[in-house]
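Trainee: Handing you this structure, nothing more for now.
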Amino acid sequence: MFAGVLLESDTAANVEQRSSSTKLHRVTPGSTGVSPDSIIAFVDAVEQKVGGLHSFMLLRHGDVVAEGWWAPYAPALPHMLYSLSKSFTSTAVGFAVSEKRLSVEDRVVSFFSDSLPANVDENLAEMRVKHLLTMNTGHEHDATGPVTGAKDGDWVRAFLSLPVEHSPGSKFVYNSAATYTLSAIVQKLTGMRVVDYLKPRLFDPLGIRGETWETCPKGINTGGWGLNVKTEDIARFGQCYLQKGKWQDRQVVPEAWVDAATAKQVPNGSDPASDWSQGYGYQFWRCRHNAFRGDGAFGQFCLEMPEQDAVLAITSGVGDMQAVLNAVWDHLLPGLQHSGGSSGSSAALKRRLSSLHVKAPDGNAASETSGRVSGKTYRLNANDEKLQSAVVEFNSNRCTLTLRGPSGAQQLVCGLDSWVSGQVHHVGPPRLGAPPAGKVAARGAWTNPNTYVMKVCYVETPYIETFTLTFNGDDLTIARKLNVAFGATDSPLLVGHSS
């Protein structure tokens, strides 16, 4: 066995002792040569020009020099990683390679003899593990839609049945289904889901706890997306890769895999100003400034900067991911080459980070309309979600919106002067692109005498949804808009009438 594996002889006491040794140390920025002013400038830039960050953690020389969460987001909350999950799946493949369970030169068809189409064409036959890793499968388009839409739930069979229009290795096409197939290969070889395979090899040694990963209908981790961990866990993973796979003087991830995974294995563009055109490794992106990263939709980042010996972990809900990296290069990077700021700037940074918050709706806590509409039942017009009624109640410093559908009632409790935590579930058919059920925090205000706006943060995801409730006589309209989405951000209006 190699150093990353939890041996059967490991006792609970040994695991606990290792866990206590994985704690990250907090130090002042100046003690590691980081300018506090540059961190403030970065925070100001993303708030003013980008918006949407939920958290960040900056490490220098292995220590945490700055961290912040935009309330109601918090350190103890896991966050949906989307495609940042891919870098963890790559790591699982690296472990399997080091254990001689497979090679990156192995043909993909060799793992799935019982799922192959009747006729295996030359391109599919030549597709290898390295082509899955480098997004060079030979597909003309991302295969994820057709694969996840397979009616029988057999995503592997669906992937292998698709046309492979080009010779593998000849065309870079970002393809989350390729990463799913890597996950399926690992599970096929080990008998374990990737999340379970990684637990003794990566998560436990790094002190990562509470990780969850979505699965396909066949019980295979989705691989290319679906992992949920905390911001600090992202930072730990990044620091391990920055240190060539080492953690606390222990070789956790094989160094040879780290070198291969984070190197430029294939070209992926020619724009010198784009961090999506600097080359691609094994499920890691190359960046400008000789950096590399894993990233996920809407701004989930694990950014490693070897020349500065720094790691930046970010969770967010942004539409322009390049703008986030531009803010890093323009404002934060210069401060990592600085001798440090004054004690005054350190104090200013501490105040700045302690005051981070998601912008609440602007308006008043009360309106004369609230007494007239509170408690009324509004029967909703026919809608795709099959929602039947809405009730809005105002009392003291809370607003409660109750939506009733085929599977019962769903309440959203909104604070008038603070964020109120809650839990949501679906009460009708989930609308396309809607946030998943889970933990939320909500806050609202009257933006005019007849309009109440609720901002709902799905605090373990990139999503924030704004509900605009407009009261007009006996009528109520509810407009809903997401901060980010893969498709339309606006949902169909809900229209109701009280008798």
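The values are calculated or read from the model by the stated rules, or taken from the named source; none is laboratory data. All of these numbers come straight from a predicted model, not from anything done at the bench. Note that we place each Cβ from the backbone using ideal geometry, even for glycine, and neighbour counts take in every protein chain shown.
Trainee: Tell me which residues, restricted to region 245-268, are part of a loop (DSSP other than H, G, I, E, B) and touching a residue at least 12 places away in the same chain (Cβ under 8 Å).
Mentor: Gly245, Gln248, Val252, Val253, Pro254, Ala263, Lys264, Gln265, Pro267, Asn268
Trainee: Sort out for me the helices (runs of 4 or more DSSP H) sitting completely within region 75-139 that have 1 or more residues that are under 28 Å from the mean Cα position of the chain (by Cα) and over 27 Å from Gly269 (Cα atoms).
Mentor: Passing ranges, in order: 85-98.
Trainee: Of everything in region 376-401 that's loosely packed, with under 13 Cβ neighbours inside 10 Å and under 27 Å from Trp419 (Cβ atoms), which residue is modelled with the lowest pLDDT?
Mentor: Residue satisfying both the conditions and the ranking: Ser396.
Trainee: Then there's this: If you go through region 50-63 one residue at a time, how many are under 21 Å from the mean Cα position of the chain (by Cα) and farther than 14 Å from Phe301 by Cα?
Mentor: The number of residues fulfilling the criteria is 2.
Trainee: Please work out if Thr179 is buried (at least 21 other Cβ atoms within 10 Å of the Cβ), closer than 24 Å to Pro78 by Cα and not aliphatic (A, V, I, L, M).
Mentor: In short, yes.
Trainee: So if I check each of Asp330, Asp295, which one is among the charged types (D, E, K, R), surrounded by fewer than 16 Cβ atoms within 10 Å (Cβ to Cβ) and in the same structural domain as Pro72 (by TED's automatic domain parsing)?
Mentor: Asp330
Trainee: Of the residues Thr461, Thr466, which single one is buried (at least 16 other Cβ atoms within 10 Å of the Cβ), among the polar types (S, T, N, Q) and farther than 22 Å from Asp384 by Cα?
Mentor: From the options Thr461, Thr466, the qualifying one is Thr461.
Trainee: On the given criteria, is Ser421 within 23 Å of the chain's Cα centre (by Cα) and surrounded by fewer than 16 Cβ atoms within 10 Å (Cβ to Cβ)?
Mentor: So Ser421 fits the description; yes.
Trainee: Let me ask you something else. In region 93-119, which residues are touching a Leu at 6+ places or on another chain (Cβ under 8 Å), surrounded by 13 or more Cβ atoms within 10 Å (Cβ to Cβ) and farther than 16 Å from Ala260 by Cα?
Mentor: Arg101, Val108, Val109, Phe111, Phe112, Ser115, Leu116
Trainee: Only one of Leu24, Leu7 is outside any helix (DSSP H, G or I), outside the structural domain of Ala313 (by TED's automatic domain parsing) and either closer than 16 Å to Ile208 by Cα or modelled with pLDDT under 95 (or both); which?
Mentor: Among Leu24, Leu7, only Leu7 is outside any helix (DSSP H, G or I), outside the structural domain of Ala313 (by TED's automatic domain parsing) and either closer than 16 Å to Ile208 by Cα or modelled with pLDDT under 95 (or both).
Trainee: In addition: Looking at region 316-327 only, could you name the residues that are in contact (Cβ under 8 Å) with a residue 60 or more places away in the chain, touching a Lys or Arg at 6+ places or on another chain (Cβ under 9 Å) and crowded, with 22+ Cβ neighbours inside 10 Å?
Mentor: Correct list: Ala327 only.
Trainee: Among the residues of region 431-438, is any on the phi > 0 side of the Ramachandran plot and either surrounded by 19 or more Cβ atoms within 10 Å (Cβ to Cβ) or part of a loop (DSSP other than H, G, I, E, B) (or both)?
Mentor: Yes, because at least one residue in region 431-438 is on the phi > 0 side of the Ramachandran plot and either surrounded by 19 or more Cβ atoms within 10 Å (Cβ to Cβ) or part of a loop (DSSP other than H, G, I, E, B) (or both).
Trainee: Scan (1) among the basic types (Lys, Arg); (2) over 23 Å from the mean Cα position of the chain (by Cα); (3) closer than 26 Å to Thr212 by Cβ for the single condition Arg293 breaks and write down its number.
Mentor: (2) is the only condition that Arg293 fails.
Trainee: Output the residues belonging to region 194-221 that are touching a helix residue (DSSP H, G or I) at 6+ places or on another chain (Cβ under 6 Å), in a loop (DSSP other than H, G, I, E, B) and within 19 Å of Trp155 (Cβ to Cβ).
Mentor: Cys216, Ile220
Here's the yes/no breakdown for (1) crowded, with 23+ Cβ neighbours inside 10 Å; (2) under 20 Å from Tyr463 (Cα atoms):
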site: Ser35; (1), (2): yes, no
site: Ala45; (1), (2): no, no
site: Phe56; (1), (2): yes, yes
site: Thr91; (1), (2): yes, no
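Trainee: Sticking with this one: Inspect region 170-183 for any residue being more than 22 Å from Glu140 (Cβ to Cβ), in the same structural domain as Ala143 (by TED's automatic domain parsing) and either small (Gly, Ala, Ser) or at pLDDT 95 or above (or both) and give the result as yes or no.
Mentor: Checking region 170-183: at least one residue is more than 22 Å from Glu140 (Cβ to Cβ), in the same structural domain as Ala143 (by TED's automatic domain parsing) and either small (Gly, Ala, Ser) or at pLDDT 95 or above (or both).
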